[in-house]
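Accompanying notes for the structure given below.
The values are calculated or read from the model by the stated rules, or taken from the named source; none is laboratory data. Everything numeric in this text was worked out from a predicted model, so none of it was measured. Please note: Cβ atoms are built from the backbone with ideal geometry, for glycine as well, and neighbour counts cover all protein chains shown.
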């Protein structure tokens, strides 16, 4: 059952990634890197897409862990990487807030609401990151040879 | 302290409830966003398909919860039912994808040239997602139906339940 569960988790994770990439690709095009407003909106958009991306990463790690011990290490690395990604995103959002407080872009109410939504999504994502990270790092190694405690047994 | 077997089964059973609530919630949101229903309009069909694909992420997660619960609880009947649902879903998505392509061509002609490229990008994303989901559903259907055979209850052999004795003389003659 573990193999089937792992395949279901991995498949779902891959489709979630495809969906997120598609959404970002659609929303960020046409690229306009020279425009400050576009850059700020892009950061917000990435933040709001964070929660499903986190869930996809967690599913990927669960799937890889269920498949075997060597892959479990990969799962742990993945979750640690995800934690770093979450912390980096928080820094980005805080930085964006600081920039916005000094410019005229912070005045529209809609922009403020969007920022709040992005921060909310980020917090949810970060909570899932932390939970997954702590859970995976505390997991005992799988598929180790079972040592019998009964001296009569070989 | 590890959970008892019954507690684990209860917790896994909650995955069914969570998945079902998510599916009902998403379908209700989708229904309210596409109502009033107007299936004869190509624009409505195009928009409804786009909105439906937009709900793919939460529906996919709910689907995964239900499948994992069925697998880990060893519910063979649920696997067969869910496999059948995915088979219908895979075929339905392929049919809808064909209709969506035709609707996209029709809707594109009604748009101003400036809006056509953005509309095509959106349609391409929705079509790719529909195709990916259809393939995933087909694979799940096959996998679930195959794996559910492991959980079929052992059937008693056909025939009379009576034990029929044999005459020793007849046995010697044969």
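Worth pointing out:
- Among the residues of this structure, residue B:65 counts as one that is assigned to a helix (DSSP H, G or I), crowded, with 16+ Cβ neighbours inside 10 Å and without any contact (Cβ under 8 Å) to a residue 60 or more places away in the chain.
- Scanning the stretch B:74-100 for residues that are over 23 Å from residue B:17 (Cα atoms) and touching a helix residue (DSSP H, G or I) at 6+ places or on another chain (Cβ under 7 Å), we see that the one that is farthest from the other protein chains (Cβ to nearest Cβ) is B:99.
- Considering each residue of the stretch B:73-93 in turn, none proves to be assigned to a helix (DSSP H, G or I), closer than 20 Å to residue A:55 by Cβ and modelled with pLDDT under 90.
- Here the stretch B:118-129 is the region considered, the condition is being at the interface with chain A (Cβ under 7 Å from one of its Cβ atoms) and more than 14 Å from residue B:51 (Cβ to Cβ), and the residue that is modelled with the lowest pLDDT is B:121.
- Checked against (1) closer than 22 Å to residue A:19 by Cβ; (2) within 14 Å of chain A (Cβ to nearest Cβ); (3) in contact (Cβ under 8 Å) with a residue 40 or more places away in the chain, residue B:71 passes all but condition (1).
- Single condition residue B:109 does not satisfy, out of (1) more than 19 Å from residue A:19 (Cβ to Cβ); (2) touching a residue at least 12 places away in the same chain (Cβ under 8 Å): (2)
- Residue B:20 vs. criteria without any contact (Cβ under 8 Å) to a residue 60 or more places away in the chain, within 14 Å of chain A (Cβ to nearest Cβ) and over 30 Å from residue B:109 (Cβ atoms): no
- Selected residue (criterion: nearest to the other protein chains (Cβ to nearest Cβ)) from residues of the stretch A:19-34 that are surrounded by fewer than 17 Cβ atoms within 10 Å (Cβ to Cβ) and assigned to a helix (DSSP H, G or I): A:26
Residues are listed down the side, and each one gets a yes or a no for (1) modelled with pLDDT under 55; (2) away from every other protein chain (no Cβ under 14 Å); (3) surrounded by fewer than 18 Cβ atoms within 10 Å (Cβ to Cβ); (4) part of a loop (DSSP other than H, G, I, E, B):
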| residue | (1), (2), (3), (4) |
| --- | --- |
| B:131 | no, no, yes, no |
| B:134 | no, no, no, no |
| B:137 | no, no, no, no |
| B:150 | no, no, yes, no |
| B:158 | yes, yes, yes, yes |
| B:165 | yes, yes, yes, yes |
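- Hits in the stretch B:28-41 - residues which are touching a helix residue (DSSP H, G or I) at 6+ places or on another chain (Cβ under 8 Å) and surrounded by 12 or more Cβ atoms within 10 Å (Cβ to Cβ): B:30, B:33, B:34, B:38
- Options B:123, B:130: the member that is within 21 Å of residue A:30 (Cβ to Cβ) and out of contact with any strand residue (DSSP E or B) (no Cβ under 9 Å at 6 or more places or on another chain): B:123
- Residue in the stretch B:27-41 that is outside any helix (DSSP H, G or I) and more than 27 Å from residue B:106 (Cα to Cα) present: no
- Residue in the stretch B:38-56 that is modelled with the highest pLDDT, counting only those that are over 14 Å from the mean Cα position of the chain (by Cα) and facing chain A (nearest Cβ under 10 Å): B:53
- Exclusive hit being under 27 Å from residue A:63 (Cβ atoms), without any contact (Cβ under 8 Å) to a residue 12 or more places away in the chain and surrounded by fewer than 19 Cβ atoms within 10 Å (Cβ to Cβ), set B:77, B:11: B:11
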